[in-house]
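Novice: The structure under discussion is supplied below as structure tokens; questions concerning it will follow.
The values are calculated or read from the model by the stated rules, or taken from the named source; none is laboratory data. Please read all numbers here as calculations on a predicted model, not as lab measurements. A quick note on method: Cβ atoms are made from the backbone with ideal geometry, for glycine too, and the neighbour counts reach across all protein chains shown. The protein model used for the area step is the full one, side chains on, heavy atoms only, and it has no ligands, DNA or RNA in it. Shrake-Rupley method; radii C 1.70, N 1.55, O 1.52, S 1.80 Å.
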Amino acid sequence: MPLPLRPVPASVVGELLTLQRAAYATEAQLYGDPFLPALTQTLPELVAELSTGTCLGAWAGSRLVGAVRAREDGDTLHVGRLVVAPDQQGRGIGTHLLRAVEESTGLPSAALFTGALSEANLRLYRRLGYAETHDEVVRPGLRLVHLRKQLTGERA
């Protein structure tokens with residue numbers, strides 16, 4: 001049975017930041033970089049970011065175990081910071097969150113990006129219908145893969 005999903009309220013933004021840092025710790029190890037933006041984001045920066053879009057959380061009782069952010073821009077839903085608590089990964093929570101945020105919009109397409117070395121993320125996104133559009137070299141050793149998915153006509 002999938003975990004219940006609901007918007008992340010402002011009262012738990014600190015918990016969201018803790019979840020984000022825990023989820024990105026493995027990415028920092030993968031890239032050999034403890035200064036990835038998701039790890040250095042401050043609480044005020046996160047609060048400001050949340051004011052420009054939505055954040056959907058997955059809850060195990062009162063514990064926030066996953067979250068995804070999205071914002072609509074033009075005809076595209078921009079999906080970001082899909083995170084799942086390390087001890088909850090591999091249980092379909094990320095898939096559940098991503099599908100729910102896609103279904104929350106009437107826009108025709110969704111876009112997201114991940115690091116080129118993040119094979120598990122890339123497998124998930126490809127499995128859910130995302131296709132690579134382009135790469136972006138942020139700095140030596142950090143290349144982002146941008147992906148897009150057509151949403152129009154998917155829903156019954």
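Novice: State yes or no: is Gly66 open to solvent by less than 60 Å² (accessible area, probe 1.4 Å), under 20 Å from Leu112 (Cα atoms) and either assigned to a helix (DSSP H, G or I) or without any contact (Cβ under 8 Å) to a residue 60 or more places away in the chain (or both)? Break it down into steps so the answer makes sense when it comes.
Specialist: Numbers: open to solvent by less than 60 Å² (accessible area, probe 1.4 Å): yes; under 20 Å from Leu112 (Cα atoms): yes; either assigned to a helix (DSSP H, G or I) or without any contact (Cβ under 8 Å) to a residue 60 or more places away in the chain (or both): no.
When the stated conditions are applied, Gly66 does not pass them.
Novice: If you don't mind, there's one more thing I want to ask. Being farther than 30 Å from Gln29 by Cβ and modelled with pLDDT of 85 or more is the filter; apply it to segment 138-156 and report the residue that is most open to solvent (accessible area, probe 1.4 Å). First the steps, then the outcome.
Specialist: Residues of segment 138-156 that are farther than 30 Å from Gln29 by Cβ, as a first pass: 150-156.
Next, from what is left, pick out any that are modelled with pLDDT of 85 or more: 150-151.
Details: Gln150: 115, Leu151: 1 Å².
The qualifying residue most open to solvent (accessible area, probe 1.4 Å) is Gln150.
Novice: Which members of segment 90-139 meet the condition of being of a type outside the set (S, T, N, Q), without any contact (Cβ under 8 Å) to a residue 40 or more places away in the chain and assigned to a strand (DSSP E or B)?
Specialist: Of all residues in segment 90-139, those of a type outside the set (S, T, N, Q) come to 90-94, 96-103, 106-108, 110-113, 115-117, 119-120, 122-132, 134-139.
Remaining after also requiring without any contact (Cβ under 8 Å) to a residue 40 or more places away in the chain: 90-91, 94, 98-99, 106, 111-113, 116, 119-120, 122-132, 134-139.
Across segment 90-139, the qualifying residues are Ala111, Leu112, Phe113, Ala131, Glu132, His134, Asp135, Glu136, Val137, Val138, Arg139.
Novice: Which ones in segment 71-88 are more than 11 Å from the chain's Cα centre (by Cα), open to solvent by 30 Å² or more (accessible area, probe 1.4 Å) and in contact (Cβ under 8 Å) with a residue 40 or more places away in the chain? Working first, answer last.
Specialist: Pass one, segment 71-88, residues more than 11 Å from the chain's Cα centre (by Cα): 71-77, 85-88.
In the following step, the residues that additionally are open to solvent by 30 Å² or more (accessible area, probe 1.4 Å) were identified as 71-75, 86-87.
Within segment 71-88, just Pro86 meets the criteria.
Novice: Which residues, counting only those in segment 37-62, are touching a residue at least 12 places away in the same chain (Cβ under 8 Å) and either part of a helix (DSSP H, G or I) or basic (Lys, Arg) (or both)?
Specialist: If the condition is that a residue be touching a residue at least 12 places away in the same chain (Cβ under 8 Å) and either part of a helix (DSSP H, G or I) or basic (Lys, Arg) (or both), then Ala38, Leu39, Leu43, Leu46, Val47, Glu49, Leu50 are the ones that fit.
Novice: Here is a further query. Of the residues that sit in segment 1-36 and are assigned to a loop (DSSP other than H, G, I, E, B) and under 19 Å from Arg91 (Cα atoms), which one is least open to solvent (accessible area, probe 1.4 Å)?
Specialist: Initial filter on segment 1-36 (assigned to a loop (DSSP other than H, G, I, E, B)): 1-4, 8-9, 32-36.
Subsequent filtering for residues that are under 19 Å from Arg91 (Cα atoms) retains 1-4.
Numbers: Met1: 221, Pro2: 88, Leu3: 50, Pro4: 75 Å².
In this case the residue turns out to be Leu3.
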